[in-house]
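**Q** Before I ask anything, here is the structure I am working with.
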Amino acid sequence: MVLTPEEWVRQHFVYFLLETKKYPKSLIALEKQFTINNRKKRTDILIFDKNGKHDIIVECKAPSIKITQDTFDQIARYNLALKANYLIVTNGLQHYYCKMDFENEAYIFLREIPDYN
């Protein structure tokens, strides 16, 4: 594995999930492949809940990449297929946490994601 700037962000965010938020390693998948409109895509980090359902999608960008609406559009497209409860976008310097409001087709921005319970 090459330690690109994006990979550095991903590895540090996984560490945060494991050590600070106490998510079990067994529920975290890196670069999980899935299909949207017959095109193969992959999540940077996908976290499953206790029942094996998609719970959190994390999109990692290099620190030099500004987080924009396009970044949120990308993760939202992924979530059309995955239907995760939370979306996270990070470049290692800025972190955006959202809870999905499926009924109103909207994001609810949060200060942080919940600890694993």
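The values are calculated or read from the model by the stated rules, or taken from the named source; none is laboratory data. Computed from a predicted structure; not experimentally measured. Virtual Cβ from ideal backbone geometry, glycine too; neighbours counted across all protein chains shown.
**Q** Tell me, which residue of segment 34-48 that is surrounded by 10 or more Cβ atoms within 10 Å (Cβ to Cβ) and not aromatic (F, W, Y) is farthest from the chain's Cα centre (by Cα)?
**A** First, the residues of segment 34-48 that are surrounded by 10 or more Cβ atoms within 10 Å (Cβ to Cβ): 34, 36, 41-48.
If we keep only those that are not aromatic (F, W, Y) too, we end up with 36, 41-47.
On the way: I36: 17, K41: 14, R42: 11, T43: 7, D44: 7, I45: 5, L46: 6, I47: 8 Å.
Within segment 34-48, the match that is farthest from the chain's Cα centre (by Cα) is I36.
**Q** Now, a different point. In segment 53-93, which residue that is of a type in the set (A, V, I, L, M, F, W, C) and in a helix (DSSP H, G or I) is farthest from R42 (Cα to Cα)?
**A** F72
**Q** Within segment 94-112, count every residue that is part of a loop (DSSP other than H, G, I, E, B) and either surrounded by 11 or more Cβ atoms within 10 Å (Cβ to Cβ) or of a type in the set (V, I, T) (or both).
**A** As a first pass, look at segment 94-112 and keep what is part of a loop (DSSP other than H, G, I, E, B): 94, 102-105, 111-112.
From what is left, the residues that are either surrounded by 11 or more Cβ atoms within 10 Å (Cβ to Cβ) or of a type in the set (V, I, T) (or both) are 94.
Number satisfying all stated conditions: 1.
**Q** Can you list residue pairs whose Cβ atoms sit under 8 Å apart, with the first residue in segment 92-117 being farther than 19 Å from T71 by Cα and at pLDDT 90 or above and the second being of a type in the set (V, I, T) and outside any loop (DSSP other than H, G, I, E, B)? Count only pairs 6 or more apart in sequence or on different chains.
**A** none
**Q** For the subset of segment 15-26 comprising residues that are in contact with a Leu (Cβ under 9 Å, 6 or more places away or on another chain) and in contact (Cβ under 8 Å) with a residue 12 or more places away in the chain, which member is nearest to Q74 (Cα to Cα)?
**A** As a first pass, look at segment 15-26 and keep what is in contact with a Leu (Cβ under 9 Å, 6 or more places away or on another chain): 23-25.
Then keep just the ones that are in contact (Cβ under 8 Å) with a residue 12 or more places away in the chain; that gives 23-24.
Numbers: Y23: 24, P24: 26 Å.
My answer is Y23.
**Q** Would you confirm whether or not segment 26-49 contains a residue that is in a loop (DSSP other than H, G, I, E, B), more than 23 Å from Y116 (Cβ to Cβ) and modelled with pLDDT under 95?
**A** yes
So that you can scan it fast, the table gives a plain yes or no per residue for (1) out of contact with any helix residue (DSSP H, G or I) (no Cβ under 8 Å at 6 or more places or on another chain); (2) basic (K, R):
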| position | (1), (2) |
| --- | --- |
| R77 | yes, yes |
| L87 | no, no |
| L93 | yes, no |
| Y96 | no, no |
| F109 | yes, no |
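**Q** Related question: When the residues of segment 1-25 are filtered to those that are aromatic (F, W, Y) and part of a helix (DSSP H, G or I), which remaining residue is surrounded by the most Cβ atoms within 10 Å (Cβ to Cβ)?
**A** F13
**Q** I want to confirm something. Restricting to segment 49-87 and keeping residues that are surrounded by 16 or more Cβ atoms within 10 Å (Cβ to Cβ) and of a type in the set (D, E, K, R), which single residue is nearest to the chain's Cα centre (by Cα)?
**A** The residue in question is E59.
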